[in-house]
Amino acid sequence: MGVKQILEELEKRRDEARVGGGERRIASQHAKGKLTARERVDLLLDEGSFEEREAGLRSKDPLGFKDTKRYSDRLKAARAKSSMEEAVLTGTARIGGYPVALAVFEFAFLGGSMASVVGEKLTRTMELALQKRVPLLIVSASGGARMQEGILSLMQMAKTSAALARLAAERVPYISLLTDPTTGGVTASFAMLGDLILAEPRALIGFAGPRVIAETIRQPLPDGFQRSEFLLEHGQLDLVVERRELRATLRRILAFFGGRDPAPAP
């Protein structure tokens, strides 16, 4: 069975998937709006299975950057606002009993922007997936590279893409889940390199924003441009999945890659 067959099977069985009481409660609670990284953990993962890694890594100010505020002050404010040390949460977990290496973006931390430390945490998570030979899951919610770190942030695009190439060479699966928004350098690197690329409905996904594109080409954009459904129709995504169905869908995908029958719903 190939990737096309598993996608067809997922589409066929989504309405049949059973959702447990705890999962139904969480899905209902977070049916709309942006989720924090911790809420994503609660929504997608087996209860109590998440073990955080690289929690001590945090950004500094390598360029001494200042615009209307000092970058160092922006970092302090972002940590206070999000209760996170950085814009991505990484670790290991289980989904339906299947092990994964995991990275989840926190949009409340400077728009989930990718700085040097974000790229390092992602790369270490990719290397962990390779070491343990478990699937990698990255949940993206980001405005792209962090401007306050200049070229250092842009270098993370190449760094993460190179790490994913090593996973591909060793046939370690990578599942990319795109949420609203996933844009800029994140879209232009690891977010669109998944073996399977999933997205939530109506998520904004692209590199430059629609206004910039419309002004550049001087033409009106089609309805739904850069939204999940538009990208699915044009072959850039494999599946658009309602939030309440994400955990059951991921469980079936992991079962496929594990070469076993899908684990029963908890």
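The phi-based Karplus calculation (6.51 cos²θ - 1.76 cosθ + 1.60; θ = phi - 60°) puts the 3J(HN,Hα) values of segment 84-94 at 10, 7, 8, 7, 9, 10, 10, x, 10, 6, 10 Hz, whole numbers, x for Gly and Pro. The modelled label-to-label distance between R171 and A158, using points 7 Å beyond Cα along the C-beta direction, is 3.1 nm. Ordering Y98, L43, G56 by Cα displacement along the dipole of segment 3-258 toward the positive end leaves G56 in first place; charges were set at the Cβ atoms of Lys, Arg (+1) and Asp, Glu (-1). Between E229 and D67, the C-beta separation translates, for a Förster distance of 35 Å, into a calculated FRET efficiency of about 0.45.
So what does the Cα-only Debye profile of segment 3-258 read at q = 0.12, 0.16, 0.18 Å⁻¹, as log10 I(q)/I(0), no solvent term? Evaluating at q = 0.12, 0.16, 0.18 Å⁻¹ gives log10 I(q)/I(0) of -0.69, -1.24, -1.54. Of the cross-linked pairs K76/K159; K60/K121; K121/K159, those separated by over 18 Å at the C-alpha level are K76/K159. At an R0 of 30 angstrom, the distance between the Cβ atoms of L57 and F207 translates into a FRET efficiency of 0.65. In this structure, the amide hydrogen of Y174, modeled 1.01 Å from its nitrogen in the peptide plane, lies closer than 5 angstrom to those of L136, D195, L196, counting only residues at least 5 positions away or on a different chain.
Divided by 2.2 N^0.38 Å, where N counts the residues, the Cα radius of gyration of segment 48-126 comes to 1.20. Whole-Hz Karplus values for segment 133-147 come out as 6, 10, x, 9, 10, 10, 9, 9, 7, 7, x, x, 5, 7, 4 Hz, taken residue by residue from phi with 6.51 cos²θ - 1.76 cosθ + 1.60 and θ = phi - 60°; glycine and proline positions read x.
Work out the FRET efficiency for I217 and K132 from their Cβ-Cβ distance, taking R0 = 51 Å, and round it to the nearest 0.05. Efficiency computed from Cβ-Cβ geometry: 0.65. Computed on the Cα atoms alone, the convex hull of segment 29-68 gives a volume of 118 cubic angstrom per residue.
Values in this text are rule-based calculations from the coordinates and carry no lab data. Because the structure is a prediction, the values reported are computed rather than measured. Note that we place each Cβ from the backbone using ideal geometry, even for glycine, and neighbour counts take in every protein chain shown.
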